[in-house]
Amino acid sequence: MLAKNLFALNAEIALRRPAILVTDLAAGAQRLVRRDEAGRDQLAGVLEQSFQSGASGVVTVDGAQLFIHVHLPCVRLVIVGAVHIAQVLAPMARLAGLEVAVVDPRTAFASPERFPEVDLIAQWPQDALPALRLDRRTAVVLLTHDPRIDDPGLVAALDADCFYIGALGSKKTHAKRIERLRAAGIGPAALARIHAPVGIDIGALTPPEIAVSILAELIAAQGRKALRAEEAA
């Protein structure tokens with residue numbers, strides 16, 4: 001049974017699906033609870049809270065001590081656009097503990113020489129992103145300024161309910177982007193989730209400075225923490 005649970009858990013991890021391994025500390029019995037099963041489980045309240053917090057630990061239920069071991073997918077950043085900002089942002093995000101993938105169909109930009117030690121996908125977003133299985137523990141940043149590349153990435157990120165979605169460009173550029181997405185049937189609530197111009201406003205001008213502003217905003221979104229400027233507004 002233990003081997004069966006481990007095999008099933010590894011399968012969930014490979015598919016980037018959250019799961020919890022519940023162990024009865026006295027009896028040694030284990031069982032696996034997948035995210036979509038938690039609401040129907042006898043421990044529904046405990047499991048839902050554990051999925052939300054991501055914290056593992058011992059709980060006591062009806063006199064039994066249970067170890068709740070939470071397995072969540074790694075937080076991941078998908079960068080659409082193998083541009084200069086991406087060359088800085090990708091290694092910075094890896095240093096911050098994120099898994100990173102870069103997507104760009106333009107092979108002149110998406111080259112291993114420009115992006116060493118990064119999952120590099122030289123495909124159009126509409127072809128690459130389904131295989132990446134975007135989810136709520138994925139951030140997507142779009143940097144090309146090209147609607148043919150950025151817009152499909154935005155739609156995919158919104159559909160997947162990614163926790164952070166940022167797009168490079170001026171307010172004028174973003175207004176045009178919103179018009180295109182609205183015409184494609186994207187509703188106002190979804191459109192409001194796009195951070196654009198991407199990054200916190202620190203007066204960033206150079207690619208490294210812009211990368212810092214993007215990563216800072218992403219980290220704040222990951223922890224759902226309001227920035228001081230937002231709190232003061």
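Side notes on the structure shown:
- All C-alpha pair distances within region 69-207, sorted into 10 Å bins from zero, spread as 12, 45, 35, 8, 0 percent across the bins.
- Computing Rg/Rh (Cα atoms, Kirkwood Rh) directly from the structure and comparing it against (1) 0.98; (2) 0.93; (3) 1.04 singles out (3).
- For region 2-71: rounded, prolate or oblate by the Cα gyration tensor [a/c cutoff 1.5]: oblate
- Relative contact order of region 6-80, pairs being alpha-carbon contacts under 8 Å that are 6 or more residues apart, as %: 35 percent
- 12 Å beta-carbon shell around Glu179, net charge (K/R +1, D/E -1): +4
- The value of relative contact order for the chain, using C-alpha pairs under 8 Å at least six residues apart, is 14 percent.
- Debye intensity ratio I(q)/I(0), log10, region 87-137, q values 0.14, 0.17, 0.20 Å⁻¹ (C-alpha model): -0.36, -0.53, -0.72
- By average C-beta atoms within 10 angstrom, highest first, the peptides 26-33, 139-146: 139-146, 26-33
- Note on the chain: GNM, Cα springs under 10 Å; of Glu217, Glu99, Glu12, the largest mean-square fluctuation is that of Glu12.
- Loop-located trypsin sites (Lys or Arg not before Pro) in region 66-110 whose Cβ has at most 16 other Cβ within 10 Å (DSSP): Arg106
- Each stretch of four or more DSSP H residues adds -39500 (n - 2.57); spread over every residue of the chain, this sum gives -12000 deg cm²/dmol at 222 nm.
- If a spin label sat at a point 7 angstrom from the Cα of Arg148 along the line to its beta carbon, the backbone N atoms of region 74-109 nearer than 16 Å would be those of 81-82, 104-109.
No value in this document is a laboratory result; all are computed from the given coordinates. Please read all numbers here as calculations on a predicted model, not as lab measurements. Methodologically, a virtual Cβ is constructed for each residue, glycine included, from the backbone with ideal geometry; neighbour enumeration extends over all protein chains shown.
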